[in-house]
Amino acid sequence: MRAPTIDERVARCVECVETGDDDAEARYEFCYAVMRERGARHCSREAATACWRETFARERDATTRDAMDDGEGGARANANDVVDAFVSYVRDRRDVTVITADAWSQAYQFVRRARALGGDLRWYDENEAWPSLFDEFVECAREAMGSAAMRAETTASGRGDDARRVDAFSSMAFASATESRKRRVEHVAEARANVVGLTREFERELAVGGRAPKRVCSDMDLGPE
């Protein structure tokens, strides 16, 4: 039998997520097994983001309707922008080839917190056990939001309050922040060439995020001075 395509696997996941009223998180976790290629240990980046795009979008539509009824439509819409930006960010990270089971689980928690606590990401703490990929996204997102806010303030001074309504994830601001991150990754890659004896954990952190790993690497051999 032929292997199901990514779209076919996504359709199965959407059906799984939408059926049943109990333990939505467990149904989401089950989708990780559905989205993996047969015999693969991890899920590919392309498959993971395709599934996130569809499953998170359906949750977004439902939560937005509830928020409109509660008068919180604006705040919820901002959180949904963050979720959409996160999925797009991971999809465009060509240096990330797979999504681990831990990252898959953390993506669910990240989306839940963003929708519950706000799209401004003030609640996000890099010292928590988030994968480096999430740290990198939040760094870019905050930089993009800061740039957008500055443009909004400048425009609002001449146009009034309506001009303050600005997309925090405008393509220009987010592209600029992402490009800055890429330059930092390249800088780390150059420095990494001079370091020998890196542990697998340290190497994986550098490959995914391009920053110093959160866990201390005690058995590094920096070589001769």
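The values are calculated or read from the model by the stated rules, or taken from the named source; none is laboratory data. Keep in mind the model is a prediction, meaning the values are calculated, not measured. Cβ atoms come from the backbone with ideal geometry, glycine included; neighbour counts cover every protein chain shown.
Counting only residues that are in contact with a helix residue (DSSP H, G or I) (Cβ under 7 Å, 6 or more places away or on another chain) and at pLDDT below 85, give me the helices (runs of 4 or more DSSP H) lying completely in the stretch 1-72 with at least 3 of them. Helices (runs of 4 or more DSSP H) meeting the threshold: 45-70. For THR100, the criteria (1) over 21 Å from GLU143 (Cβ atoms); (2) at pLDDT below 95 hold in every case but one, which is (2).
Remark: pairs (first residue in the stretch 1-19, over 14 Å from ARG53 (Cα atoms); second residue at pLDDT below 85; Cβ separation under 7 Å; 6+ apart in sequence or on different chains) = GLU18/ARG58.
Per the listing ALA116, ALA107, the residue uniquely closer than 27 Å to PHE30 by Cα and at pLDDT 95 or above is ALA107.
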